[in-house]
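Enquirer: Take this structure, written in structure tokens, and hold onto it; I'll ask about it next.
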Amino acid sequence: MASPLRSLKGKIALITGASSGIGERTAKLFAEHGAKIVIADVQDQLGQAVCDAIGSSNSKFLHCDVTKEDDVKNVVDTTIDAYGKLDIMFCNAGMADPYKARVMDVEKLDFQRVLDVNVLGVFLSMKHAARVMVPARAGSIISTASLASNIGGAASHAYCCSKHALAGLTKNLAVELGQFGIRVNCLSPYVMVTPLSTSFLGLEDEGLVDFVSSCANLKGVTLTTDDVANAALFLASDQAKYISGQNLHIDGGLGIVNPSFGLFKYPDN
């Protein structure tokens, strides 16, 4: 059994949206644990910089727009050509639309773009991962969902719809691919400092941390991309060999509580 510090030794991982945020941190962590990494992203300079940080012997950058099936097929085929297999597909690429408080103000094009990236893009990534994993009868497919996959009022209408869809797609694909020994799971984190969240909320790092901490259920700790990367590492590793079809919430319990009741609120003193 692999050492916990090298739990992905010999594994090949393809990560979409790995040029920043959760994807970047996960790529580096997977590499630290022995995996060879293929980074697929539309941000070429940032993606190549992540590869440079990991090392060219252990990583490769490929341009990929996940909404284009030819791009997704190409990165999967190139991964197979380069390394002979694909063990882990982390469908992490995602986006949010501009914040609009009223549905009447939401633009169709903004709504469609979010669904294209967050749902269609993940579907295509899963489809082409399955194409090469089914013959191998093994593999782990992970995607990045959100706290908004489980509750309303935590994100825009488009983002909420897309992440609910992703949770459903995870369950359906876990059922189909289980017969081939392939596990399918998703991660649903609370808000943390990433380029996506700072842009959506219009807050800089310190201000964003203060805001999300004030709304959090679990106090005294702050969610970071390290925490999500560690959860992805667990799901990708053999330590999670019998876990499939799950939506792992990394939200400090926020998604299970209605704070308006205030049932267990202690006095301030």
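Enquirer: Among the residues in the stretch 39-62, are any closer than 23 Å to LYS241 by Cβ and either among the aromatic types (Phe, Trp, Tyr) or free of Cβ contacts under 8 Å to residues at least 24 places away in the same chain (or both)?
Expert: Quick first cut of the stretch 39-62, residues closer than 23 Å to LYS241 by Cβ only: none.
Within the stretch 39-62 (the criterion being closer than 23 Å to LYS241 by Cβ and either among the aromatic types (Phe, Trp, Tyr) or free of Cβ contacts under 8 Å to residues at least 24 places away in the same chain (or both)), the answer is no, since none of the residues qualifies.
Enquirer: Taking the stretch 245-269 as the region of interest, how many residues are part of a loop (DSSP other than H, G, I, E, B) and surrounded by fewer than 19 Cβ atoms within 10 Å (Cβ to Cβ)?
Expert: 13
Enquirer: Could you run through the stretch 9-64 and say how many residues are among the basic types (Lys, Arg), within 20 Å of GLY84 (Cβ to Cβ) and within 15 Å of the chain's Cα centre (by Cα)? Full working, then the answer.
Expert: Filtering the stretch 9-64 down to residues among the basic types (Lys, Arg) leaves 9, 11, 25, 28, 36, 60.
Right, trim to within 20 Å of GLY84 (Cβ to Cβ) and you get 9, 11, 36, 60.
After this cut, where a residue has to be within 15 Å of the chain's Cα centre (by Cα) as well, the list is none.
The total comes to 0.
Enquirer: Additional query: Can you pull out the helices (runs of 4 or more DSSP H) entirely within the stretch 67-151 that have at least 1 residues that are polar (S, T, N, Q) and farther than 18 Å from LYS11 by Cβ? If you could, list the steps in order and put the result at the bottom.
Expert: Details: elements: 69-83, 108-115, 121-136.
In the stretch 67-151, 69-83, 108-115 are the helices (runs of 4 or more DSSP H) which contain 1 or more residues that are polar (S, T, N, Q) and farther than 18 Å from LYS11 by Cβ.
Enquirer: Could you check how many residues of the stretch 142-161 are under 16 Å from CYS186 (Cα atoms) and free of Cβ contacts under 8 Å to residues at least 60 places away in the same chain? Don't jump to the end; show me each part of the working.
Expert: Of the residues in the stretch 142-161, the ones under 16 Å from CYS186 (Cα atoms) are 142-151, 159-161.
Those still in the list that are free of Cβ contacts under 8 Å to residues at least 60 places away in the same chain too: 143, 146, 148, 160-161.
Looking only at that region, the number is 5.
Enquirer: Ok, one more. Within the stretch 167-213, track down each residue that is surrounded by fewer than 21 Cβ atoms within 10 Å (Cβ to Cβ), polar (S, T, N, Q) and modelled with pLDDT of 80 or more.
Expert: Matches in the stretch 167-213: ASN172, GLN179, SER213.
The values are calculated or read from the model by the stated rules, or taken from the named source; none is laboratory data. All figures in this text were calculated on a predicted structure; none of them were measured in a lab. Cβ atoms come from the backbone with ideal geometry, glycine included; neighbour counts cover every protein chain shown.
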